[in-house]
1. Would you mind stating whether D:Arg271 is part of a helix (DSSP H, G or I), free of Cβ contacts under 8 Å to residues at least 12 places away in the same chain and more than 28 Å from D:Lys43 (Cα to Cα)?
2. Kindly provide the set of residues from the range C:134-144 that are crowded, with 22+ Cβ neighbours inside 10 Å and either touching a Phe, Trp or Tyr at 6+ places or on another chain (Cβ under 8 Å) or closer than 16 Å to C:Val68 by Cβ (or both), ordered by number.
3. Specify which of the listed residues (C:Gly204, C:Gly181, C:Gly175) is in contact with a Pro (Cβ under 6 Å, 6 or more places away or on another chain) and at negative phi.
4. Looking at the range D:182-189, is at least one residue open to solvent by 10 Å² or more (accessible area, probe 1.4 Å), β-branched (Val, Ile, Thr) and within 27 Å of D:Lys43 (Cβ to Cβ)?
5. For the range B:83-100, give me each residue that is farther than 21 Å from A:Ala238 by Cβ and in contact with a strand residue (DSSP E or B) (Cβ under 9 Å, 6 or more places away or on another chain).
6. I want to confirm something. Restricting to the range C:28-57 and keeping residues that are in a helix (DSSP H, G or I) and among the small types (Gly, Ala, Ser), which single residue is farthest from the other protein chains (Cβ to nearest Cβ)?
7. Can we say D:Leu314 is closer than 29 Å to D:Val189 by Cα and surrounded by fewer than 21 Cβ atoms within 10 Å (Cβ to Cβ)?
8. Look at the range C:229-239 and say how many of its residues are surrounded by fewer than 24 Cβ atoms within 10 Å (Cβ to Cβ) and closer than 12 Å to C:Gly213 by Cα.
Protein chains: 4
Amino acid sequence: MLSFASDYIEGAHPKILERLLETNFEIQPGYGEDAYCLCAKEKIRKACLCPDADVFFISGGTQTNRTVISAFLRDTEGVVSAATGHVNGHEGGAIEATGHKVLTLPASEGKLSAEDLRAYLRDFYADADGYPHMVQPGMVYISHPTEYGTLYGLGELRALRALCDEYGLPLFLDGARLGYGLVTPGSDVTLPDLARLTDVFYIGGTKVGALLGEAVVFPRSTPKHFFTHMKQNGAVLAKGRVLGLQFDALFTDGLYLEIARHAVDLAERIRETLRECGYRFHIETPANQIFVVLGSEQMERLSREVVFTFWEKLDETSSVIRLCTSWATKPEAVERLCAVLREIAV
Amino acid sequence: MLSFASDYIEGAHPKILERLLETNFEIQPGYGEDAYCLCAKEKIRKACLCPDADVFFISGGTQTNRTVISAFLRDTEGVVSAATGHVNGHEGGAIEATGHKVLTLPASEGKLSAEDLRAYLRDFYADADGYPHMVQPGMVYISHPTEYGTLYGLGELRALRALCDEYGLPLFLDGARLGYGLVTPGSDVTLPDLARLTDVFYIGGTKVGALLGEAVVFPRSTPKHFFTHMKQNGAVLAKGRVLGLQFDALFTDGLYLEIARHAVDLAERIRETLRECGYRFHIETPANQIFVVLGSEQMERLSREVVFTFWEKLDETSSVIRLCTSWATKPEAVERLCAVLREIAV
Amino acid sequence: MLSFASDYIEGAHPKILERLLETNFEIQPGYGEDAYCLCAKEKIRKACLCPDADVFFISGGTQTNRTVISAFLRDTEGVVSAATGHVNGHEGGAIEATGHKVLTLPASEGKLSAEDLRAYLRDFYADADGYPHMVQPGMVYISHPTEYGTLYGLGELRALRALCDEYGLPLFLDGARLGYGLVTPGSDVTLPDLARLTDVFYIGGTKVGALLGEAVVFPRSTPKHFFTHMKQNGAVLAKGRVLGLQFDALFTDGLYLEIARHAVDLAERIRETLRECGYRFHIETPANQIFVVLGSEQMERLSREVVFTFWEKLDETSSVIRLCTSWATKPEAVERLCAVLREIAV
Amino acid sequence: MLSFASDYIEGAHPKILERLLETNFEIQPGYGEDAYCLCAKEKIRKACLCPDADVFFISGGTQTNRTVISAFLRDTEGVVSAATGHVNGHEGGAIEATGHKVLTLPASEGKLSAEDLRAYLRDFYADADGYPHMVQPGMVYISHPTEYGTLYGLGELRALRALCDEYGLPLFLDGARLGYGLVTPGSDVTLPDLARLTDVFYIGGTKVGALLGEAVVFPRSTPKHFFTHMKQNGAVLAKGRVLGLQFDALFTDGLYLEIARHAVDLAERIRETLRECGYRFHIETPANQIFVVLGSEQMERLSREVVFTFWEKLDETSSVIRLCTSWATKPEAVERLCAVLREIAV
């Protein structure tokens, strides 16, 4: 059975496992003080052209989001997010569990627009001090690629940054699938851009070739006691080496982007076939996720050979499915998928 | 340089890495639905002689403690713990961050005694409904081995269980180093005992040969929505296979206990030397941790060749240090340590 | 200057002050154990035809909402509310501060419709267990009158109740202005109806003639340790008599409804004038709040003689204002207001 | 039946009720923006000789403690308190419910000593950054009078202040019974002292003649968004005038201290009798609370005529009881109490 269900259905890139084996018996201090963490941090700083950045490794995305967001917010502040943001709907109420409201704005194809953000902030601060019975905006959260696979352009990020500067708000970019966004043809956003334009972002490992792990980067300044904050959130691994070593491998010889490119190239191959056969895209997405509309029978036939993600029902006869490639997707699997898609095309 | 600093300073047992390599390209669903998690759960149920137990895998100990404890407690309840309990002092306020008080009782060598617990509960419920201005006891937390390396006897656990039954309190056993406790000569507590006597306990992986991971076992019943509870706490890995596979390996052919026995045997070897040379133990501990008193000069000389953990200062001229063995400790390292200890003995 | 700004701009009904004076030197136990609390509870039970109801007194609405909602919800549950619900926007994030998400559904004139609630619940439970990465609905919150002054009909409440029964959800009715809703001509909802149809509701005192205080009624069963829950939320007054005594007065000889009727009658008088003069209502509301559209110049002229609440700007030339009557509104003030409204009518 | 059970068993000082009556029909804005709040704040600033102080009114003590403490602390910080501090044991876990640990130090007669605080801080900061796995001290909490009726001397407060300055910690003084402490003969602590030596303190109203209400004073600077913080904690009354007006009355013509002096004088009268008759004091207390040791039979006989508070059992035959005077205690009641105490003296 083929699977295009997600980008976290295989293990890790072989180079990561190799490093785990090589270093297994070395004695290293715990809690992120090991040599691999230190080395990986240095490589990430270099890749971001940000020599003073502070870097931390956390095991997963929800963990990272709740730890980062709550470290920035004061008790009466909330985090502004597109309504489709991962923090709003799919993290089991993790942000609220830290005591903070997710302040939602309408999303357009998964993105938060500077226009919507400006209108919201202008209204909230119609009186200089804001409305004292309401939660104050305390941070802006975006994801890149978004939950719908779309990407911000550099101009869009700059516009959000300018607004954040105007209102004194930190900007946080959730990069759970960042690699795929960075290598997508046509994308003009780079790691150094993120280091210049955000207050904190994370480089996703779990979905881009690691067993687990996300690298949180603070390019400007780090919230006080951030390590204790991580500890309190259960986000510190005793064997921190496991995370450091993986990012060390991913940031050696450009492996991180190489992995991502592989996935994006194969996704583009699938998109071509879909276009040729006249399939309708639910959203036009450029990176490693494809949202395509299928009829009920097509969906049934596809499911005989391929595992995919059911996204949502559109109407009585058609639905949206998601197809996803990863570092580990095999070209022959893509060929076979394309063949099936051709067969079942109307 | 030798190191006896802790049991989390090396990687993972080679059989675990072997399994990671073998299974790396297999496609498996995420979030703990993979075949390895299912298989590991089954093996753990068998080892506990508890076919109906529910098992979950979480990446670390603090994460596990906060997730389990908050899943059991109602808002006005706290968790009763020895003052020396890990949840009280060394988790960055993780329990309080979930909104709950740690209700501390005096520890005796790291243990919570049934006598102290009974006196506290009797006082609290001197009026039938308890004192309504105070936090109610909602769970009892113990660790085994304790933070001081000591072990509960079966009789002690039974006495705590009887009290918990009397007062309707769930009993939670933190087994971050459980393996070492189970194999210690003279210990009469087994996995099936824990399954019979607790409402929830966890089998530590991180400190007993895994890269990361703890297996939470609910022998009786599971708090409602526990998976969502984990998600909210950031305790769910997308590639849950990484945890499942490790516990699958650890519970194949008795590896978990074999690993622990190795460490405990070597610790006993060190203890013999210490006894021979007349060293004073701060606490008599039977498992893989040794708490020994050294003079300032001894400590300085030892530190030239051996990494250890400074525990606490006793007075102007002497201190307590901790020596710790692990699954990966080499017999030759122990021999060299013993030689140094002999050299610097007074 | 006249003021129709709100229903909390005067002190308390004279009968309440009279009782405070009469009883001032009586010695009574604290924390709600006094004779007036006991007596007021009994009178409220009678008014609700619910002899087994449990009643508690809390000083204000936000305090009540956060205490009641968090007492019902488990950690992974949220409260379902219309997007315009007070708990969603105007309580400074009080619900989220207790760790819970407000799950918003679209409001229609401030009300939550059974249709929207059914659609949401059906989607959430499309899989029998709900979607485990999302916050579960754990309670339904409605207000009556709503934040927009509208009222539920008995049929609407029954439909919501039926859905709550079907999905095992408690139904909570915020009655900050309940009195005004109960006496509005045409309203078919009574206190005994609320006792039959909700799991908890509160009878607002602050906005209906008391100095402060809300009476929380649990007609069916009370969350465990609710008093401690109140204490934890800072919702227990040492001199609980202050709250008990006020509700004792309000529930003696029908004072509560009499007060409310006075306000609603005067509001109706204002509405008649507005209709006669051809003003446009933003929302048709039946109780003590009136939402009317004024042009900029009208608004300016009105503000010279009358204090009102600016509600929202509709477009460049017109806005919505709120006029509110209370137990203390004087008929002569209403006459003068009506005269001004006639003068400035277009 | 006489009652010396507490200082919150009667209503309010008659001058307060008088003001409530006089002002009842005046129209005033809500939420603390009324003229009485403004006026009361000004009078409190004057009494504190602190013209720039910020003042807020909150309904009760637990409410005040949780709101103030959580407004100051960052997520990873806790509040340092004597183990006997009200926030530690008698507020239903209110502080922990806001996510923060109460870091307890041993109390000596209810007080936190500078010596104990210094030792704790020195240990915690033995490494410059503190121990990152532990909750950081973020505030120091003391009460005056303490829960045991004892008082800090000016020198003791200065020593605590100096330590707080050294470690950058805000100092919070809980003055639930402050009035009684200020007028106690021999006490050298005044309101201006508190304004100079603390970062925030509150002037208790509930237990010193008001129906309810505490005045929180920030002499130096106010936590950002403190009003929203109050709102989030449910600590804002719509009719804020009720609190403002009471403090306005209490701070007119020295009423606050006059009330307190009455209580303290009568307590001293009781103490004299106790001394004459040879009773043993459990703690020597100077203000309006008396902790005296009685034999079982004495306690039984006293309880026939007098309501008092049982404090704790000392041994099989003797217990500690608390006798408490208030603004409303009548001299004839004290005479009768003294007569009974003489009768039952051994």
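The values are calculated or read from the model by the stated rules, or taken from the named source; none is laboratory data. From a predicted model like this one, the values you see are computed outputs, not experimental measurements. Positions of Cβ are generated from backbone atoms using ideal geometry, with glycine treated the same way; all protein chains shown enter the neighbour counts. To get the accessible areas, we keep the full protein, side chains included, count just its heavy atoms, and leave off ligands, DNA and RNA. Shrake-Rupley method; radii C 1.70, N 1.55, O 1.52, S 1.80 Å.
1. no
2. Residues satisfying the conditions are C:Gln136, C:Pro137, C:Gly138, C:Met139, C:Val140, C:Tyr141, C:Ile142, C:Ser143, C:His144.
3. None of the other options fit; the residue is C:Gly181.
4. yes
5. Across the range B:83-100, the qualifying residues are B:Ala83, B:Glu96, B:His100.
6. C:Ala47
7. Values: closer than 29 Å to D:Val189 by Cα: no; surrounded by fewer than 21 Cβ atoms within 10 Å (Cβ to Cβ): yes.
No; evaluated as a whole, the condition is false for this residue.
8. Looking only at that region, the number is 0.
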